[in-house]
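Beneath this line is the structure, given in structure tokens, with notes to follow.
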Amino acid sequence: MLRIEGLTAEVDGKPILKGIDLEVPTGEVHAIMGPNGSGKSTLSYVLAGREGYEVTGGSATLNGVDLLALEPEERAAAGVFLAFQYPVELPGVGNANFLRTALNAIRRGKGEAELDAMQFLKLARARLKELQMSEDMLKRGVNVGFSGGEKKRNEVLQMALLRPSLAILDETDSGLDIDALKIVADGVNALRAPDFAALVITHYQRLLDYIVPDKVHVLMQGRIVQTGGPELAKQLEASGYASVQAAA
Amino acid sequence: MNTVVHSGAEGFLHRFEGLRARLPGQRLAWVQALREAAAAQFRAAGFPTRRVEAWKYTDLRPVSDAAFDEALTILGDGDTLPAPRGERRAVFVDGRFREELSQLDGAGFAVGSLAEQLPRLEGRLGALARPAEEPLVALNSMLFEDGLVVTVPAGVAGGVLELRSLASRSERPAAFHPRHLIRLEAGASLTLIEESTGPEDTRYLHNPVFEIELAEGAVLTHARIQREGVKGFQLGTVYARIESGATYDNFTLNAGARLVRNEIHAVLAGPKSACHMNGAQLLRDGQHADTTTVLDHAAPDCASRQTYKTVLQGKSRGVFQGKIHVHQVAQRTDGYQMNQALLLSPDAEIDSKPQLEIYADDVKCSHGATVGALDADQLFYLRARGIPEAKARSILVEAFLQEAIEGVTDETARAALDSAVAGWWEKEAA
């Protein structure tokens, strides 16, 4: 269970999150929707522990663990996975090596045995197949020369390998065509399990046709102003955020 | 017994007076003449100061202010040697060849000690070195005692030869000035892996000079791994003359020493010859590393590639000076030079001075330089995947070095460099 209470945060001294209260029970997928500048990405970075996002109040726990007290790598070991809106290119770092290093770091954190190169390759191949991705992806530099869709699929591959207990997908749908969107959604849906929760951050309703959320929250001006079922997303699509703003 | 301790140029000249009669080749008139001429040159020039343009960024006072003994007077034992990298290895302790530590049998080419072969080296020793222009080369010419002499006959593939230099642990700082002569005849090839180490608690000066002659179509891979002790100094100068169709492939890793100068003078003397000079400098607090290259494109249709990467920690300082001189005759020259620095500390400093002089009109020549810190976005991306900060940093630094190292295609040389880089990181983590 992800529990966020009264969370406030600022960037460069400017308040962005102004008191977020949110609970995502284990086993559920929640969507956060909102217009540009509402604080969606800030929320994801605050939860993942990015420098420069200063928490000024409130709390965030995952299964009872105080996330805000941890370094980014410790949060990852605690089960947090942030799928980046703009995955970073790492020239000179091989994707296979990167994935194995990350997986073994997480496994070490969980007290599990590390995988050797062969064991890793076997696992990675299985996940690649599930995601309809080419093995070629392992040989390339991390995200180097990847198309927008390939970068997002690489995020989903990492998620499938690291098996987090909380996945935060930050506008994973941006820049994806419909085929890539389906593959990404399938990847997330495949992870759905009683011990997995996801926070799907999106501007558009489209992704939620494929990843059907248990709940939809509307984030505006740093606060959650409305919560509802999947139908809320459709309603927003039809009438826009202005209607919520007027209601709120 | 003389108890006066001299430092600086005077100290070396003083010891030359005392050692003159005991240095190798004292009965050979040409050696005597070479040493005396060098002594006169060194006396006139002294240690270069920062007022000399080529030494603007490297202050030699830590060396010139210190007093040294020549290795001749203190021949110590080497540290324990790690396993050899190839089948053949020449070991030098304080600049002196140590036959009992070396393995040179079955080389299929001539290889041995310069001190022993000196009577047969007239005209070859000093053919490329320019003591009149480089005071440290004059110092070497005045005081050299030994070195490696390699001659690979025409068409012979020489395989891997390791050149190991060790400094001994001594209370009196040693200075040694080996002169290495490498000659590959037409179509010959060799991989020379050179590694220099020394104790961490001893001050010493290693001042090697290489004279490398590559005849038509010869290929030399020269991997230099400098891991001198943290109190050591290495001031090395490489001269290479590359004839038509030949390739000189130099990679220099500077990972040790308090102060190091890696100076290379390469001449592309024949058409369609190639020169690769790549390197990495890994510097910790208090270290100073200077790579200075002078490349002469003196024939048409030649190619040169230079990629140097410097990683700086703490209060360290790196220098790169690279001059490419394209002579009027050198049409269709293809030259590339890149040097990049990664500053891991706000106290580190890098000075970079690329210099192109082009006198031919049909030339493709590019150069570039970048200086930066680790990318915060990349670092966060790795950490968000569970990779601890120290490991994430090392991944990014290795990726930064990759571009320079991947140019080394010889497997043994590559493995030696990879393990030296990894060793540097292990020490970093410790």
Can you find a residue that is under 25 Å from residue A:174 (Cα atoms), within 14 Å of chain B (Cβ to nearest Cβ), small (Gly, Ala, Ser) and over 19 Å from the mean Cα position of the chain (by Cα) anywhere in region A:60-77?
no
Lone qualifier among B:381, B:359 - being within 10 Å of another protein chain (Cβ to nearest Cβ) and of a type in the set (Ser, Thr, Tyr)
B:381
In this structure, is residue B:422 more than 12 Å from chain A (Cβ to nearest Cβ), of a type in the set (Gly, Ala, Ser) and in a helix (DSSP H, G or I)?
yes
What tally of residues in region B:112-134 results from selecting those that are out of contact with any Pro (no Cβ under 9 Å at 6 or more places or on another chain), open to solvent by less than 30 Å² (accessible area, probe 1.4 Å) and not in a loop (DSSP other than H, G, I, E, B)?
2
Looking at the structure I just gave you, is residue B:362 open to solvent by 40 Å² or more (accessible area, probe 1.4 Å) and more than 23 Å from the chain's Cα centre (by Cα)?
yes
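Scan B:245, B:229 and give me the residue that is in contact (Cβ under 8 Å) with a residue 12 or more places away in the chain, open to solvent by less than 20 Å² (accessible area, probe 1.4 Å), assigned to a loop (DSSP other than H, G, I, E, B) and not aromatic (Phe, Trp, Tyr).
So the residue among B:245, B:229 that is in contact (Cβ under 8 Å) with a residue 12 or more places away in the chain, open to solvent by less than 20 Å² (accessible area, probe 1.4 Å), assigned to a loop (DSSP other than H, G, I, E, B) and not aromatic (Phe, Trp, Tyr) is B:229.
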Mind checking which residues of region B:184-226 are open to solvent by 10 Å² or more (accessible area, probe 1.4 Å), assigned to a strand (DSSP E or B) and of a type in the set (A, V, I, L, M)?
B:219
Among the residues of region A:132-143, which ones are under 21 Å from the mean Cα position of the chain (by Cα) and modelled with pLDDT of 90 or more?
A:142, A:143
Suppose we filter A:122, A:129 for residues that are assigned to a helix (DSSP H, G or I), more than 13 Å from chain B (Cβ to nearest Cβ), over 17 Å from the mean Cα position of the chain (by Cα) and modelled with pLDDT under 90; which single one remains?
A:129
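Considering only region A:1-24, how many residues are assigned to a strand (DSSP E or B) and open to solvent by 10 Å² or more (accessible area, probe 1.4 Å)? If you could, list the steps in order and put the result at the bottom.
Kept after step one, since they are assigned to a strand (DSSP E or B), are these residues of region A:1-24: A:2-11, A:14-24.
The next check asks that each one be open to solvent by 10 Å² or more (accessible area, probe 1.4 Å); those that pass are A:3, A:5-6, A:8, A:10-11, A:14-16, A:18-19, A:21, A:23.
Total meeting the criteria: 13.
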Within region B:377-409, count every residue that is open to solvent by 10 Å² or more (accessible area, probe 1.4 Å), at pLDDT 95 or above and of a type in the set (Gly, Ala, Ser).
0
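Is it the case that region A:195-206 has a residue that's at pLDDT below 90 and more than 16 Å from the chain's Cα centre (by Cα)?
Of all residues in region A:195-206, those at pLDDT below 90 come to A:203-206.
Filter once more, so that each one left must be more than 16 Å from the chain's Cα centre (by Cα): A:205-206.
Within region A:195-206, one or more residues are at pLDDT below 90 and more than 16 Å from the chain's Cα centre (by Cα).
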Within region A:78-103, of all residues that are assigned to a helix (DSSP H, G or I), open to solvent by 10 Å² or more (accessible area, probe 1.4 Å) and polar (S, T, N, Q), the one nearest to the other protein chains (Cβ to nearest Cβ) is A:101
Here are A:34, A:27: which of them is crowded, with 20+ Cβ neighbours inside 10 Å, over 30 Å from residue B:401 (Cβ atoms) and more than 14 Å from chain B (Cβ to nearest Cβ)?
A:34
Does residue B:258 count as of a type in the set (Lys, Arg), surrounded by fewer than 24 Cβ atoms within 10 Å (Cβ to Cβ) and in the same structural domain as residue B:131 (by TED's automatic domain parsing)?
yes
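The values are calculated or read from the model by the stated rules, or taken from the named source; none is laboratory data. Predicted, not measured: the structure shown is a model, and the values here were computed from it. Heads up, the Cβs are rebuilt from the backbone with ideal geometry, glycines too, and the neighbour counts pull from every protein chain shown. Only protein heavy atoms, including side chains, enter the accessible area calculation; ligands, DNA and RNA are left aside. Shrake-Rupley method; radii C 1.70, N 1.55, O 1.52, S 1.80 Å.
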